[in-house]
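Worksheet for the structure shown next.
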Amino acid sequence: MMQLTRRSALLGLASAFTLGRASLALADAPTDRRFVVVILRGALDGLSAVIPYGDAALAGLRGEIVPPEPGQDEGMLDLGGFYGLHPALANLHGMYRDGEALAVHAVAGPYRVRSHFEAQDCMECGADHRLTSGWLNRAIGTLPRPGTHGDALAIGVAVPLLLRGPAAVADWAPQGTAPLDADLYSRIAALNEGDRLLGPAIAEGLSERGFSAAVLSGGEPAQNRYAFPALAKACGEMLRAEDGPRIAALEIGGWDTHTGQAPRLAGMLRQLDAGLAALKIGLGAAWRQTTVLTMTEFGRTVRVNGTKGTDHGTGTVAFVLGGAVAGGRVVADWPGLGSGRLFEDRDLQPTCDLRSVAKGLLAQHLGLTEHALALVFPESTAAAPMPRIVAA
């Protein structure tokens, strides 16, 4: 993996790291502390990532997609007796045991929409409507300007809305486009499956190119050296550099699990888990000065649909990890899944505002003041910064 510093990147000597919907953007900041945001595009099913197996109503609502309880073969990883982590998240569970990761459950942004595009825009803007800048860009703008070459560097074919705004951003990308990903190939194969001529030909061609049935179902990741784990490791190496960037935004798509959720989600979670572990490895000793926030636009329905998937919902889970995190716990005002407890009788009722989590990290880790937080998240006085999210 090539070594990249902010100076070399700004001189146009960097390379782009992308795989389909995985991408990376980096920003400079006048601090030795590192802050990373990982966007999970497509709506992660929080009830499958952090499973409230202690809730008596869970099995009746979605029993067929719930992993076995802790201690059983391929069972969930225990988080203290009520919650269990999906078995694909073994590395994250290790960070949890070491006090370097926590889960915030029943979380959602301030909006109540189920459109991916609208919800992602609101999530990245940090508001209940679309703004002209992203909250991470505005956070950078509250810090002293780091230099004369621009505040941020984006690597990839586009800068996410999260990092767009008045803080200057320099972006670089190679000629051509990123390769298509397994999810799109899977949709193409499904559309042509019934055609006696095209169906077998497409399946055979995809298999020869490494897109087996297991890859297309989400059970295995496509083999590519620029997959999300490699991207995350490169990100860590860049952030670790003495003159490198200090803020990063990673993203990975594929979380829209309307059909066949169990194998597809397991494959996506393994990619995420491997990427978070690779990020830690890439950061090296700088991990102790790092916090990471994973966020997704909304959750998924509590009940399973007719194709063994879940549809667009509301409440979900966010992860906070890093060497600077006060981890080893699940933070939740659990709303319950029983009768009368669901949002609109279909979704996990949100009890925590995602902006509270972000505010807590920005205040405790990067030192943003109350005034600065009000600029980063306008009209958000009801969302107080989450306390004790960063270790003293």
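The values are calculated or read from the model by the stated rules, or taken from the named source; none is laboratory data. Given the structure is predicted, the values throughout are model-derived calculations rather than measurements. FYI the Cβ positions are ideal-geometry reconstructions off the backbone, even for glycines, and counts take in every protein chain you see.
Computed quantities for the displayed model
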{"quantity": "P378 in a loop (DSSP other than H, G, I, E, B), surrounded by 17 or more Cβ atoms within 10 Å (Cβ to Cβ), of a type outside the set (G, A, S) and out of contact with any strand residue (DSSP E or B) (no Cβ under 8 Å at 6 or more places or on another chain)", "calculated": "no"}
{"quantity": "Failed condition for I281, given (1) in contact (Cβ under 8 Å) with a residue 60 or more places away in the chain; (2) surrounded by fewer than 22 Cβ atoms within 10 Å (Cβ to Cβ); (3) of a type in the set (A, V, I, L, M)", "calculated": "(1)"}
{"quantity": "Test for I51: is it farther than 23 Å from T291 by Cα and either of a type in the set (K, R) or surrounded by 22 or more Cβ atoms within 10 Å (Cβ to Cβ) (or both)", "calculated": "yes"}
{"quantity": "Search result, residues across region 292-307 that are touching a Ser or Thr at 6+ places or on another chain (Cβ under 7 Å) and not β-branched (V, I, T)", "calculated": "F298, G299, R300"}
{"quantity": "In region 54-101, the residues that are buried (at least 20 other Cβ atoms within 10 Å of the Cβ) and among the small types (G, A, S)", "calculated": "G84, A88, A101"}
{"quantity": "Residue list for region 341-353, restricted to those being buried (at least 22 other Cβ atoms within 10 Å of the Cβ) and assigned to a loop (DSSP other than H, G, I, E, B)", "calculated": "L342, L348, P350"}
{"quantity": "Output for region 285-340, where each listed residue is assigned to a strand (DSSP E or B) and of a type in the set (S, T, Y)", "calculated": "T290, T291, T294, T296, T301, T316"}
{"quantity": "Single residue of region 233-266 satisfying the filter (part of a helix (DSSP H, G or I) and without any contact (Cβ under 8 Å) to a residue 60 or more places away in the chain) that is surrounded by the fewest Cβ atoms within 10 Å (Cβ to Cβ)", "calculated": "P263"}
{"quantity": "Test result for G336, within 29 Å of H312 (Cα to Cα), in the same structural domain as A318 (by TED's automatic domain parsing) and surrounded by fewer than 19 Cβ atoms within 10 Å (Cβ to Cβ)", "calculated": "yes"}
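A quick yes/no check of all residues on (1) under 27 Å from W135 (Cα atoms); (2) of a type in the set (V, I, T); (3) outside any helix (DSSP H, G or I); (4) touching a residue at least 40 places away in the same chain (Cβ under 8 Å):
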| residue | (1), (2), (3), (4) |
| --- | --- |
| A59 | no, no, no, no |
| Q72 | no, no, yes, no |
| G99 | no, no, yes, yes |
| H105 | yes, no, yes, yes |
| R112 | yes, no, yes, yes |
| F117 | yes, no, no, no |
